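The values are calculated or read from the model by the stated rules, or taken from the named source; none is laboratory data. Just so it is clear, the model here is predicted, and its values are computed rather than measured. We place every Cβ from the backbone using ideal geometry, glycine too, and count neighbours over all the protein chains shown. Just the protein is used for accessible areas: all its heavy atoms, side chains included, with ligands, DNA and RNA removed. Shrake-Rupley method; radii C 1.70, N 1.55, O 1.52, S 1.80 Å.
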Amino acid sequence: MRILFIGDIMGRPGREAAAREIPMLKEEYGGFDFIIANGENSAGGFGLTEKVMKELFSSGIDILTNGNHVWDKKDFVPLLDSEKAVLRPANHPQGTRGRGYAVYEKNGERLAVLCLQGRTFMPPLDCPFQTAERLVAECPVPAIFVDIHAEATSEKRALGVYLDGKVSAVVGTHTHVQTADEEILPGGTAFLSDAGMTGGHGGVIGMTAESVLPKFLTGTPCKFEVSEENVRFQGAVIEIDAETGRSLDIVRINRAVTQ
């Protein structure tokens, strides 16, 4: 089983980059069984809309994971109940709208996807470790992909080690800065602290420098604007043994996108 995971898609530049690069990556790798992307920044940098969701699905993405910004567009929240291919963090308390875990089937392959949110320097949620342990124990398929949307590298690494041998892959999102620590852990779990960001890298983690700097200089609220400079496509390709759930390979993707 071959999976393409796309790091946080940031606004229109990120959506366009994904639409441009996915067909080329499919040709380069001989296709993907599943394409997953973190979509919580896809609509103007904050949240998702129904229109943006449909645009991302039409570009070839099968499943959208999210994080703390999934609630930003209030009109989209009700869709979390009906759209099985859109996940919010699973460690929200019981009764929260939407789902954080699901099993998907495509062309005879079955993959479970679990979305989690960290707690270090993040809004308080239920324990991602205990949530993962409970859901993995219930999972009916061996191939399990985990997106851990978290700030701290240590928390992401700890989750990877904790789930090693229990899931196929643990890949981090949220920081918009791709790390260079991809590996297959001893138990067969592919790990990468952060898949990075698909969008404009010319400013400050996806926003223009001009719109972000006043916040740091004055400490007052500012309206951020999505950067369109130095657009890059970042993510990872993961090969999984579908029968055992063990990962065979993980390759980081980091390429400039010609506009």
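Rundown of residues vs (1) open to solvent by 10 Å² or more (accessible area, probe 1.4 Å); (2) in contact with a Lys or Arg (Cβ under 9 Å, 6 or more places away or on another chain); (3) among the aromatic types (F, W, Y), yes/no style:
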| site | (1), (2), (3) |
| --- | --- |
| A37 | no, no, no |
| T49 | yes, yes, no |
| L56 | no, yes, no |
| I61 | no, no, no |
| T65 | no, yes, no |
| H69 | yes, no, no |
| D75 | yes, no, no |
| D81 | yes, yes, no |
| V86 | no, yes, no |
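Are any residues in the stretch 1-57 part of a loop (DSSP other than H, G, I, E, B) and polar (S, T, N, Q), and if so, which ones? Steps first, please.
In the first step, residues of the stretch 1-57 are kept if they are part of a loop (DSSP other than H, G, I, E, B); the result is 1, 7, 10, 30-33, 39-49.
Passing the criteria: N41, S42, T49.
Taken over the stretch 150-183, the criterion of being crowded, with 21+ Cβ neighbours inside 10 Å, free of Cβ contacts under 8 Å to residues at least 40 places away in the same chain and in a loop (DSSP other than H, G, I, E, B) is satisfied by A150, T175.
Results for (1) within 14 Å of T65 (Cβ to Cβ); (2) not aliphatic (A, V, I, L, M), shown as yes or no for each residue.
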site	(1), (2)
M10	no, no
P13	no, yes
E16	no, yes
A19	no, no
L25	no, no
N41	yes, yes
G44	no, yes
V52	no, no
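Identify the residue in the stretch 168-221 that is under 27 Å from I35 (Cβ atoms) and of a type in the set (D, E) and, among all such residues, is nearest to the chain's Cα centre (by Cα). If we take residues in the stretch 168-221 being under 27 Å from I35 (Cβ atoms) and of a type in the set (D, E), then D194 is nearest to the chain's Cα centre (by Cα). Of the residues in the stretch 191-203, none is farther than 20 Å from L4 by Cβ, assigned to a strand (DSSP E or B), open to solvent by 10 Å² or more (accessible area, probe 1.4 Å) and in contact with a Gly (Cβ under 7 Å, 6 or more places away or on another chain).
A count restricted to the stretch 97-115 and to residues that are over 24 Å from S154 (Cα atoms) and either of a type in the set (F, W, Y) or open to solvent by 40 Å² or more (accessible area, probe 1.4 Å) (or both) stands at 9.
May I ask you to verify whether G187 is touching a strand residue (DSSP E or B) at 6+ places or on another chain (Cβ under 8 Å), of a type outside the set (S, T, Y) and open to solvent by less than 10 Å² (accessible area, probe 1.4 Å)?
Numbers: touching a strand residue (DSSP E or B) at 6+ places or on another chain (Cβ under 8 Å): yes; of a type outside the set (S, T, Y): yes; open to solvent by less than 10 Å² (accessible area, probe 1.4 Å): no.
Answer is no for this residue.
Could you please give the count of residues in the stretch 210-259 that are outside any strand (DSSP E or B) and open to solvent by 30 Å² or more (accessible area, probe 1.4 Å)? Step through it out loud before you land on a result.
First pass over the stretch 210-259, keeping only residues outside any strand (DSSP E or B): 210-225, 227-230, 241-246, 257-259.
From what is left, the residues that are open to solvent by 30 Å² or more (accessible area, probe 1.4 Å) are 210, 213-225, 228-230, 241-244, 246, 258-259.
Of the residues in the stretch 210-259, 24 are outside any strand (DSSP E or B) and open to solvent by 30 Å² or more (accessible area, probe 1.4 Å).
Filtering the stretch 98-149 to residues that are under 19 Å from I61 (Cα atoms) and without any contact (Cβ under 8 Å) to a residue 12 or more places away in the chain leaves E105, G108. Within the stretch 217-251, the set of residues being among the hydrophobic types (A, V, I, L, M, F, W, C) and either closer than 30 Å to A137 by Cα or touching a strand residue (DSSP E or B) at 6+ places or on another chain (Cβ under 9 Å) (or both) comprises F224, V226, V231, F233, A236, V237, I238, I240, A242, L248, I250, V251. Reported count of residues in the stretch 116-134, each being touching an Asp or Glu at 6+ places or on another chain (Cβ under 6 Å) and open to solvent by 70 Å² or more (accessible area, probe 1.4 Å), is 1. Only a single criterion out of (1) assigned to a loop (DSSP other than H, G, I, E, B); (2) buried (at least 18 other Cβ atoms within 10 Å of the Cβ) is not satisfied by P93, namely (2).
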